[in-house]
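What follows is a single structure, written as structure tokens, with notes after it.
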Amino acid sequence: MTARAQRIRTNMQVYRSRMRAQGLRPVQVWVPDTRSPQVAAEWRHQSLALAGDPAEREILEWIEEAADTEDWK
């Protein structure tokens, strides 16, 4: 292992120890790759499937009413 790689590894260990001491723990989250054409196509497909659905309109209206956007800039 190079000196640089060892330094990075040590820094990460120190960082992780500090975060754990603060009561936090690491979590890995996998999310869709928004750059992927396949993901965009799937989202488009799902959006079109919901278009015009009365339940979709009802849910969107509820979200609008429930959202606290007063302090948004």
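Across the stretch 25-58, which residue is nearest to residue 12 (Cα to Cα) among those that are part of a loop (DSSP other than H, G, I, E, B) and basic (Lys, Arg)?
The residue in question is 25.
State whether the residues of the stretch 26-42 include one that is surrounded by 10 or more Cβ atoms within 10 Å (Cβ to Cβ), more than 19 Å from the chain's Cα centre (by Cα), on the phi < 0 side of the Ramachandran plot and of a type in the set (D, E, K, R).
Within the stretch 26-42, none of the residues are surrounded by 10 or more Cβ atoms within 10 Å (Cβ to Cβ), more than 19 Å from the chain's Cα centre (by Cα), on the phi < 0 side of the Ramachandran plot and of a type in the set (D, E, K, R).
Within the stretch 61-70, identify whether any single residue is touching an Asp or Glu at 6+ places or on another chain (Cβ under 9 Å) and surrounded by 10 or more Cβ atoms within 10 Å (Cβ to Cβ), and answer yes or no.
No; the residues of the stretch 61-70 include none that is touching an Asp or Glu at 6+ places or on another chain (Cβ under 9 Å) and surrounded by 10 or more Cβ atoms within 10 Å (Cβ to Cβ).
Please identify the pairs in which a residue from the stretch 43-60 that is under 23 Å from residue 32 (Cα atoms) has its Cβ atom under 9 Å from the Cβ atom of a residue that is part of a helix (DSSP H, G or I) and among the acidic types (Asp, Glu), counting only partners at least 6 apart or on another chain.
From residues that are under 23 Å from residue 32 (Cα atoms), the pairs are 50/56.
Would a scan of the stretch 59-68 turn up a residue that is β-branched (Val, Ile, Thr), assigned to a helix (DSSP H, G or I) and more than 30 Å from residue 16 (Cα to Cα)?
Yes, the stretch 59-68 contains at least one residue that is β-branched (Val, Ile, Thr), assigned to a helix (DSSP H, G or I) and more than 30 Å from residue 16 (Cα to Cα).
Working only within the stretch 41-73, note down all residues that are small (Gly, Ala, Ser) and modelled with pLDDT of 95 or more.
41, the sole residue that qualifies.
The values are calculated or read from the model by the stated rules, or taken from the named source; none is laboratory data. Keep in mind that what you see is a predicted model, and the values were worked out from it rather than measured. Cβ sites come from the backbone with ideal geometry, for glycine too, and all protein chains shown count toward neighbours.
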